[in-house]
Amino acid sequence: MVTPPLPKPKFILTDTASAPFDFWQQTRGRVTLLFFGYTHCPDVCPLQVATIASGLKQLPANVVDQIAVVFVTTDPKRDTPAALRNWLDHFDKRFIGLTGSDSDIEAAQHAAALPLARQAPLGDRDYQVAHASFVIAYTKDDFGHVVYPGGVTQEDWVRDLPRLVRETWSRR
C-alpha cells in the first residue's frame with residue numbers, strides 16, 4: 001500500500017500502432033497496471049508480464065475488461081512499436097505497449113515518481129537496462145494505491161485484481 005497514494009501520471013507516448021497514447025486520459029477510470037521495462041530483459045520483465053498475463057487468464061471477462069496493462073519500454077532504441085507489439089503478443093494481445101524518445105520516456109518515469117532507467121554495458125556493443133522492477137496499480141480513482149515488487153505470483157494477481165476493480169477509495 002502506498003500512503004499517500006500516487007496520482008496517476010500524465011504523459012503522452014507512442015503506442016504499438018505508432019499513434020499518440022495519452023496515458024492519463026486513455027486509462028482514466030480503469031484499474032491500470034503500469035510497468036517500465038524492455039523486451040531484451042533476460043529475467044524480470046518477461047517474468048513480471050507473464051505472471052500478470054497468466055493471472056488475468058484466470059479471471060472472469062467482466063473483471064479483465066476493467067483492467068489496462070501498460071508496458072513502457074526503457075529501451076526505445078531496440079523496442080520499436082512493432083518489436084513491442086510482437087513481444088507483448090506473446091503474453092496478451094490486449095497489453096498496451098508504449099515507446100518514445102529517450103527524453104519522453106525519462107519524463108514519463110519522472111511523472112510516475114520512478115527512478116530513471118540506465119544502460120549498463122555488457123560488452124561487444126550490447127547492453128542491458130537497469131530499471132525499476134515493480135508495477136504500480138492505479139485504481140479507478142486514478143491514484144496508485146499499491147506497488148507490486150518483482151516476485152509477485154500469479155495467485156497474488158488473481159486475488160488482488162478483482163479487489164482493485166471493486167475497491168472505492170476515499171481520499172481524506
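Can you confirm whether the range 60-67 contains a residue that is of a type in the set (Gly, Ala, Ser) and under 29 Å from Arg163 (Cβ atoms)? Lay out the reasoning, then the answer.
At the first step, the residues of the range 60-67 found to be of a type in the set (Gly, Ala, Ser) are 61.
Checking which are under 29 Å from Arg163 (Cβ atoms) leaves us with 61.
Checking the range 60-67: at least one residue is of a type in the set (Gly, Ala, Ser) and under 29 Å from Arg163 (Cβ atoms).
Scoring Arg85 on the criteria (1) of a type outside the set (A, V, I, L, M); (2) over 22 Å from Thr153 (Cβ atoms); (3) free of Cβ contacts under 8 Å to residues at least 40 places away in the same chain leaves a single failure, condition (3).
Across the range 143-172, the qualifying residues are those that are hydroxyl-bearing (Ser, Thr, Tyr) and out of contact with any helix residue (DSSP H, G or I) (no Cβ under 7 Å at 6 or more places or on another chain), and the one among them that is surrounded by the fewest Cβ atoms within 10 Å (Cβ to Cβ) is Ser170.
Per this entry, Ala108 is not counted among residues that are out of contact with any Ser or Thr (no Cβ under 6 Å at 6 or more places or on another chain), among the small types (Gly, Ala, Ser) and either closer than 24 Å to Val63 by Cβ or at pLDDT below 95 (or both).
Applying the condition of being open to solvent by 40 Å² or more (accessible area, probe 1.4 Å) and among the hydrophobic types (A, V, I, L, M, F, W, C) to the range 113-142 and asking which residue is nearest to Thr32 (Cα to Cα) yields Phe134.
If you go through the range 57-80 one residue at a time, do you hit one that is at pLDDT 95 or above, under 15 Å from the mean Cα position of the chain (by Cα) and part of a helix (DSSP H, G or I)? No, that holds for no residue.
Just give me the residues in the range 39-49 being assigned to a helix (DSSP H, G or I), open to solvent by 20 Å² or more (accessible area, probe 1.4 Å) and farther than 11 Å from Leu88 by Cβ, in sequence order.
Restricting attention to the range 39-49, the residues satisfying the condition of being assigned to a helix (DSSP H, G or I) are 44-49.
From the residues that got through so far, the ones that are open to solvent by 20 Å² or more (accessible area, probe 1.4 Å) too are 44, 46-47.
Of everything in the range 39-49, those that are assigned to a helix (DSSP H, G or I), open to solvent by 20 Å² or more (accessible area, probe 1.4 Å) and farther than 11 Å from Leu88 by Cβ turn out to be Val44, Leu47.
Given Asp65, Asp92, which one is in contact (Cβ under 8 Å) with a residue 24 or more places away in the chain, among the acidic types (Asp, Glu) and within 20 Å of Tyr138 (Cα to Cα)? First the steps, then the outcome.
On the way: Asp65 fails: in contact (Cβ under 8 Å) with a residue 24 or more places away in the chain.
Exactly one of Asp65, Asp92 is in contact (Cβ under 8 Å) with a residue 24 or more places away in the chain, among the acidic types (Asp, Glu) and within 20 Å of Tyr138 (Cα to Cα), namely Asp92.
Can you pull out the residues in the range 24-38 that are in a strand (DSSP E or B) and of a type in the set (Ser, Thr, Tyr)? Across the range 24-38, the qualifying residue is only Thr32. Residue count for the range 55-108 satisfying the condition of being out of contact with any helix residue (DSSP H, G or I) (no Cβ under 7 Å at 6 or more places or on another chain) and open to solvent by 10 Å² or more (accessible area, probe 1.4 Å): 26. Being modelled with pLDDT of 95 or more, on the phi < 0 side of the Ramachandran plot and either of a type outside the set (D, E, K, R) or open to solvent by 10 Å² or more (accessible area, probe 1.4 Å) (or both) is true of Leu34.
The values are calculated or read from the model by the stated rules, or taken from the named source; none is laboratory data. Since this is a predicted model, take the numbers as computed values, not measurements. Neighbour counts are summed over all protein chains in view; Cβ atoms, including those assigned to glycine, are modelled from backbone coordinates with ideal geometry. These accessible areas exclude ligands, DNA and RNA; they are computed on the full protein's heavy atoms, side chains included. Shrake-Rupley method; radii C 1.70, N 1.55, O 1.52, S 1.80 Å.
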